[in-house]
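Heads up: the structure comes next, in structure tokens.
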Amino acid sequence: MDDGPTELGTPHFPADGSAVAPPPGDPPLPTDAAPAPAKDESVSESAQVIAKAVRYLKAKRGGDLAAIILAGSAVRDAMTSHSDVDLLALVLGSDNGHELVRILSRIVEIRYLGVSEAEEQVNASRRLPIILRKARVLYELEAAGSQLLQKAHARFRQGPPSSTIHEKIRLRATALHWLGKAEDQQAEPAIARHLLSIFFDEAMSAFYQLRGLWPASPVEHLRFISQRDHVMGDLLQQAFMATDLSDQLARARRIADYLFKDIPAPARID
């Protein structure tokens, strides 16, 4: 989804740009080849895409469809020419699948979740309450979608789940693992910079968890972190602006020392 990586996942889309074919017996996917409705200039392309997607889901899932929820940039009226349309389909029973379809010029990502599974994820997830906080119900039976959004809003107000000491140690170990690999590959700058980018992602993710904050969207990471921790923000800014690899690595090491200064290393067993 547009708000980052999340528990909603990112399934693979074929390299040739074709839509993911449904299993035998499913209704045909909406395509550009389908007869176009009479043009209404008051209806935007995204609205047409969403309407077609809702019809597709109703036809495909039939009686076990409990709700369709729109999330991401389409809800915020912030879609660009490259934005996907993100839908969460709540179903009766158990499901945890993904599907990508193409409607007009848009890719529609659909995440299927059982109603009870969605409620469990809202309570435990660090991303789903953020995604659903500004989501909108497009279709529902017996208020299944509205109830889930209410629970997501309540969970968001409570703050993210607190991390145990073992989770904090894991965050430290994971970030230092990628930093160490980057330092080991200094003779191969392209590889080292790639590994270093993974370290920065892990460090920013750890920042949110260690500070007990909901993560911001990827494009807001630096601004958000700088507002809440000037030292961390300055260290990240300096690391991103550095052009020399050895300088980047040195600044990354300072970030790790600052961020994990109160987190112990894993227990040593000799």
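Normalising by the residue count of segment 160-233, find the relative contact order in percent from Cα pairs under 8 Å and 6+ residues apart.
Values: 51 pairs, mean separation 20.9, N = 74.
Contact order relative to length: 28 percent.
Taking the alpha-carbon set of segment 147-234, what are its Rg and Dmax in Å?
Just the Cα atoms of segment 147-234 yield Rg and Dmax of 15.8, 55 Å.
Report the full-extension gain for the segment ASP64 to LEU222: residue separation times 0.36 nm, less the Cα-Cα distance, to one decimal in nm.
Numbers: separation 158, 0.36 × 158 = 56.88 nm, distance 4.23 nm.
Gain in length upon complete extension: 52.6 nm.
Determine the gain in length on full extension of the stretch ARG268-SER81; use 0.36 nm per residue of separation and subtract their C-alpha separation, reporting nm with one decimal.
Details: separation 187, 0.36 × 187 = 67.32 nm, distance 5.18 nm.
Difference between extended and current length: 62.1 nm.
Taking R0 as 25 Å, what's the FRET efficiency between ASN96 and ARG55 from their Cβ-Cβ distance, rounded to 0.05? Don't skip to the answer; put the middle values down first.
Numbers: r = 24 Å, r/R0 = 0.94.
After rounding to 0.05, the efficiency reads 0.60.
How much accessible area per residue does segment 124-243 have, in Å², with a 1.4 Å probe? Let's see the in-between values first.
On the way: 6430 Å² over 120 residues.
In whole numbers, segment 124-243 has 54 Å² accessible per residue.
Just to be sure I understand the model, the point goes 7 Å from the Cα along the line to the Cβ. What's the resulting ALA242 to ARG193 distance in nm?
Roughly 1.4 nm, to one decimal.
Within segment 45-122, what whole-number % of the accessible surface is contributed by carbon and sulfur, with the 1.4 Å probe and all protein chains included in the calculation?
Values: 1390 of 2900 Å².
C and S atoms contribute 48 percent here.
Rank these by accessible area, largest first, 1.4 Å probe: ASP201, ASP247, ASP270, ASP86.
ASP270, ASP201, ASP247, ASP86
With 31 Å as the limit, write out which pairs from LYS58/LYS151; LYS151/LYS261; LYS151/LYS181; LYS60/LYS168; LYS134/LYS168 have Cα-Cα distances beyond it, or answer none. Don't jump to the answer; show the numbers that get you there.
On the way: LYS58/LYS151 24 Å; LYS151/LYS261 35 Å; LYS151/LYS181 41 Å; LYS60/LYS168 43 Å; LYS134/LYS168 29 Å.
Those over the limit are LYS151/LYS261; LYS151/LYS181; LYS60/LYS168.
Please report, for the Cα atoms of segment 90-167, the Rg to one decimal and the Dmax as a whole number; what are they, in angstrom?
Radius of gyration, then largest Cα-Cα span, for segment 90-167: 14.2, 48 Å.
Among SER162, SER246, what's the order by accessible area (1.4 angstrom probe), most exposed first? Before the final figure, lay out the partial values.
Details: SER162 105, SER246 65 Å².
Most to least solvent-accessible, the answer reads SER162, SER246.
Ignoring ligands, DNA and RNA, please state the percent of accessible area on segment 179-270 from carbon and sulfur, probe 1.4 Å. Could the numbers behind the result be given before it?
Numbers: 2670 of 5180 Å².
For segment 179-270, the apolar C and S fraction of the accessible surface comes to 52 percent.
The values are calculated or read from the model by the stated rules, or taken from the named source; none is laboratory data. The shown structure was predicted, so the numbers you read here are calculated from the model rather than taken from an experiment. For neighbour counting, all protein chains shown are included, and Cβ atoms are generated from backbone atoms with ideal geometry for every residue, glycine included. Protein only, heavy atoms only, side chains kept; ligands, DNA and RNA dropped before computing areas. Shrake-Rupley method; radii C 1.70, N 1.55, O 1.52, S 1.80 Å.
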